[in-house]
Amino acid sequence: MAESEIAQFKQGWRAQVAAMADAPPPTIQQQRDAFEAEHGAVPPAADCTIEPIDHGGIRGERITPAGADTTKALLYHHGGGHAFGSSQSHRHLVSRLASAAGVVAYNMDYALAPERPFPAGLDDAMANWRFVQSQGFAPGDIIVGGESAGGNLTLALVAKLLGERAALPSGAYLLSPWLDLTQSGEAYDVRGPHDPMISRDALQMMATLYCGDADRGDRLISPLNADLAGLPPLLIQVGADEVLLGDSTRLAHRAALAGGDVTLRVWPEMIHAWPLFHHVLPTAGNAAIAEAGGWIAHRFRAGAK
């Protein structure tokens, strides 16, 4: 029997990590350059119009698939440990999410650590939220989303809106979100041996860059600690073989206890943010993108009733 896509991917990633074991750890800039080179080279979804945004400090791009409902929008914030990643690196993923949902996507940049630590990234996410509304979208016509650190910003953004008693988006899509920057929870020990990509130590280093002297347990740094009553509907996708599994299961548990509408999808064998690797994991990656797009489209249809 042929080895599965995910088994090959994990094997290749572990070989890469082993080959780098004796080398000096890469700098943040080296990580940024490598990430941009890999993901920036993946083409976007077909038949998408991509328009750059550079408006008063707001940076990113508007992605409009052919035939999209231009009255509905996905506001997406990329992952990268709060220290790397960009709208360019995530164009290929966000364009596919937009195409699957049949909506416009705002694929946005934000301040990165360590040059600009918390709360700069969250401030930019809030500014992006306001910008999308300025483009003619009511809060109920927007779904917010992001993966990993972008999932952190997404839930922190919603928590901040809740705290301000402000209007909320129609829903939130979280892919492998990093929600507890204290790195607590048993998944690190239980799923750690299965995760070829991420470790508690690596996340601790990234948390230090992002948090500086701020309290890592703060509800806007670790939004798992926020008051979750009143959340909009959530879709959480997470891999069973990632150390951040517990952030997602704990969020689903807490949000459900608060009376929320929560869809948690744990994908067996999958690694962190696997839809981002759809070009090498086409079966599972594209299936998860289709699932997320279907949920986004359903949320907008439900809101219109």
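Checking Gly145, Gly151, Gly163 one by one, the residue that is open to solvent by 10 Å² or more (accessible area, probe 1.4 Å) and not aliphatic (A, V, I, L, M) is Gly163 and no other. The residue list Gly192, Gly121 contains one member that is within 15 Å of Pro223 (Cα to Cα), among the small types (Gly, Ala, Ser) and touching a residue at least 40 places away in the same chain (Cβ under 8 Å), which is Gly121. Looking only at region 181-188, decide whether some residue is among the charged types (D, E, K, R) and either at pLDDT 95 or above or in contact with a Pro (Cβ under 8 Å, 6 or more places away or on another chain) (or both). Scanning region 181-188, I find no residue that is among the charged types (D, E, K, R) and either at pLDDT 95 or above or in contact with a Pro (Cβ under 8 Å, 6 or more places away or on another chain) (or both), so the answer is no.
Count of region 250-264 residues, restricted to those that are open to solvent by 50 Å² or more (accessible area, probe 1.4 Å) and either within 17 Å of Ala156 (Cα to Cα) or hydrophobic (A, V, I, L, M, F, W, C) (or both), is 5. Taking region 192-235 as the range and being touching an Asp or Glu at 6+ places or on another chain (Cβ under 6 Å) and open to solvent by 50 Å² or more (accessible area, probe 1.4 Å) as the test, only His194 passes. Can we say Ala120 is buried (at least 24 other Cβ atoms within 10 Å of the Cβ) and not charged (D, E, K, R)? When the stated conditions are applied, Ala120 does not pass them.
In the set (1) buried (at least 24 other Cβ atoms within 10 Å of the Cβ); (2) over 18 Å from Ala214 (Cα atoms), Leu179 fails one condition alone, (2).
If you check Ala229, Ala256, Ala167 for being free of Cβ contacts under 8 Å to residues at least 24 places away in the same chain and out of contact with any Ser or Thr (no Cβ under 9 Å at 6 or more places or on another chain), only one passes: Ala256.
Just one of (1) part of a loop (DSSP other than H, G, I, E, B); (2) open to solvent by 60 Å² or more (accessible area, probe 1.4 Å); (3) in contact with a helix residue (DSSP H, G or I) (Cβ under 9 Å, 6 or more places away or on another chain) fails for Pro44. It is (2).
Screening Val17 against (1) in a helix (DSSP H, G or I); (2) open to solvent by less than 50 Å² (accessible area, probe 1.4 Å); (3) of a type in the set (Val, Ile, Thr) leaves a single unmet condition, (2).
When Arg32 is tested against (1) charged (D, E, K, R); (2) closer than 24 Å to Phe118 by Cβ; (3) surrounded by 23 or more Cβ atoms within 10 Å (Cβ to Cβ), exactly one condition is not met: (3). If you check Phe118 against the conditions, is it at negative phi and outside any loop (DSSP other than H, G, I, E, B)? Judged against the criteria, Phe118 is not a match.
Within region 61-104, how many residues are of a type in the set (Gly, Ala, Ser) and closer than 15 Å to Phe137 by Cα? Residues that pass the stated criteria total 2. When we screen Ala258, Ala240, Ala229 for residues that are in contact with a Phe, Trp or Tyr (Cβ under 7 Å, 6 or more places away or on another chain) and at pLDDT 95 or above, the only hit is Ala240.
The values are calculated or read from the model by the stated rules, or taken from the named source; none is laboratory data. These figures come from a predicted structure and were not determined experimentally. Here Cβ is always computed from backbone atoms with ideal geometry, including for glycine, and neighbour counts include all displayed protein chains. Surface areas here come from the heavy atoms of the whole protein model, side chains and all, with no ligands, DNA or RNA. Shrake-Rupley method; radii C 1.70, N 1.55, O 1.52, S 1.80 Å.
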